[in-house]
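The values are calculated or read from the model by the stated rules, or taken from the named source; none is laboratory data. Just so you know, these numbers come straight off a predicted model, no measurement behind them. Please note: Cβ atoms are built from the backbone with ideal geometry, for glycine as well, and neighbour counts cover all protein chains shown.
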Amino acid sequence: MEDSYVTFLVLGIVLVVVDGQLIYHSGKGYLKRAYDEEEATSMIRLAVVLFHLVVLGLLALVSLVSVQTGNATKDVVMKLGIVLLLLALAHAVTMAILARIRDRQMQQQLADQMAEEHRIYEERHAHVGEPRPAPKIESPYSAP
């Protein structure tokens, strides 16, 4: 019984770490399209730490669930199946969060770019349509 418990935890931790590394490396490249290198690295680190904490917490909870199939190997496989499903769910949620972060940043960059282009347009065309001051005409009757 103790061996299957340790086997389950070791396999579960390996799965979580491997998936976390995949998210880190892929997510970093994904976020670089919207952020500079340093910002992308910081954002993905925060997301991966959250991912690891949540999934390792779920792994700890699943490890306490008693499964009685009558075979220690089947017990481990059953628990690993649950962990894999939870891992897939956590992976999908993490991807959705990263996509949302990236999309928001890209929308902000687009809005900033459009505002800058509008400002430049306004500067270039500010004189068009403005009333011009009337030319001074000296009256022959004015005092010199």
Among (1) crowded, with 18+ Cβ neighbours inside 10 Å; (2) more than 12 Å from Ala90 (Cα to Cα), the one test that Val48 misses: (2)
If I go through segment 69-110 residue by residue, how many of them are farther than 30 Å from Arg33 by Cβ and β-branched (Val, Ile, Thr)? 6
Tally up the residues in segment 15-45 that are surrounded by fewer than 18 Cβ atoms within 10 Å (Cβ to Cβ) and either over 21 Å from Leu89 (Cβ atoms) or among the small types (Gly, Ala, Ser) (or both), please. 11
So which residues in segment 13-70 are free of Cβ contacts under 8 Å to residues at least 12 places away in the same chain, farther than 19 Å from Ile97 by Cα and assigned to a loop (DSSP other than H, G, I, E, B), if there are any at all? Ser66, Gln68, Thr69, Gly70
Restricting attention to segment 89-144, which residues are outside any helix (DSSP H, G or I) and modelled with pLDDT of 75 or more? His125
Test: Asp75 is acidic (Asp, Glu) and touching a residue at least 60 places away in the same chain (Cβ under 8 Å): yes
Odd one out for Thr73 among (1) closer than 30 Å to Ile101 by Cβ; (2) part of a helix (DSSP H, G or I): (1)
